[in-house]
1. Each label point is 7 Å from the Cα along the Cα-to-Cβ direction; what then is the distance between the points at A19 and V183, in nm?
2. Can you tally the net charge around F278? Count Lys and Arg as +1, Asp and Glu as -1, for every other residue whose Cβ sits under 11 Å from the Cβ of F278.
3. With a/c under 1.5 counting as rounded, go ahead and sort the stretch 157-277 into rounded, prolate or oblate using the C-alpha gyration tensor (a ≥ b ≥ c being the square roots of the eigenvalues; past the cut-off, prolate if a/b is larger than b/c, else oblate).
4. Any idea how far the Cα center of the stretch 232-246 sits from the one of the stretch 139-160, in Å?
5. Which net charge results for the neighbourhood of A165, defined as the other residues with beta-carbon distances under 11 angstrom from its beta-carbon, given Lys and Arg at +1 and Asp and Glu at -1?
6. Add +1 for every Lys or Arg and -1 for every Asp or Glu among the other residues with Cβ under 12 Å from the Cβ of L193, and state the total.
7. Give the peptides 114-124, 285-295 in descending order of average Cβ contacts within 10 Å, highest first.
8. How much length is gained if the chain between E275 and D208 is pulled fully straight, taking 0.36 nm per residue apart and subtracting their Cα-Cα distance, in nm to one decimal?
Amino acid sequence: MTKQPLLKLGTRRSPLALAQAEEARARLCAAHGWDSNAVELVPVEASGDKIQDRPLAEIGGKALWTKELDIWLGNGEIDASVHSLKDVETIRPDAFTLIAILPRADKRDRLIGAASLADLPKGAVIGTSAPRRAAQALHQRPDCKVVTFRGNVATRLAKLEAGEADATFLAAAGLLRLGQKNVGVALEPEDWLPAPAQGAIAVECRADDVRTRELLSVLNHAPSHAEVMAERALLLALGGNCHSPIAVRCDFADGELSMRAALFSPAGQERVEGEARFAAGDPDAPARLAADLLQRASSGITSVFSGS
């Protein structure tokens, strides 16, 4: 007789999502001393994976990555969902709780196709569907053209290889988790900031499921949790959405968080930046930085932030 799993973890079906779910399962089984069969991975094909020919902001935003998993979680078909946190909406249903953030991986983006943005030829074509990446790239290289690039890592690399663009960007953490850590060139935070919560895997369960909450809580990495929740608090205070070019990096050290954030106009001509240092868990500091950024931002920037 087949033994029933102790937990069912829902995940998107993409190779990267499955790799992230495997990491969550491995850490969970190691923490509890379980056999890997104790945790079942339940893949779902998300709407965001099905629709590849249009920018995410045009077809429903980040909810396209979570809505199928949310239905399964709400119905009790799975006990928890594993997410790439940067793809999760800032405001989540009250019925769910982000119970654990795994140790965060490399926060940086990697540039594929050139040694640096400066090395791209004049008028080069850059493939990306992320407003943040497009605006940052055009801020540094206004002569370049941006075209929509969607799909999983393999799809985007294939599009680049086929000549649909001269360069593109991928998250370093995703490449690392797929065993492709040497693809492209890392963009350092002095010149290029990542997306809120980039590099973080989150595990979410039903808020009233005490048993599952207790079992999953061992996965939470406090420094990573502090960083990403501060970044998401900044995003919430800005009123940012899929159309809003916002870049932010938060680093934890000695109980404190240092946060650096930049907002852009969609085409990248305008930019405003700010920094803050505050105690981990301070609920108000990200909102203060958001207010400062919006106060100093031009109308070309604030027009794409509903919090302005």
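1. 0.7
2. On the way: positive: R277, R288; negative: E256, E275, D282, D284.
Computed value for this residue: -2.
3. The shape class here is oblate.
4. Centre-to-centre distance over Cα atoms comes out at 22 Å.
5. Surrounding charge for A165 is 0.
6. Once positives and negatives cancel, what remains is -1.
7. 285-295, 114-124
8. On the way: separation 67, 0.36 × 67 = 24.12 nm, distance 3.71 nm.
So the chain would gain 20.4 nm between E275 and D208.
Values quoted throughout were computed directly from the atomic coordinates according to the rules given, and no laboratory measurement underlies them. Keep in mind the model is a prediction, meaning the values are calculated, not measured. Heads up, the Cβs are rebuilt from the backbone with ideal geometry, glycines too, and the neighbour counts pull from every protein chain shown.
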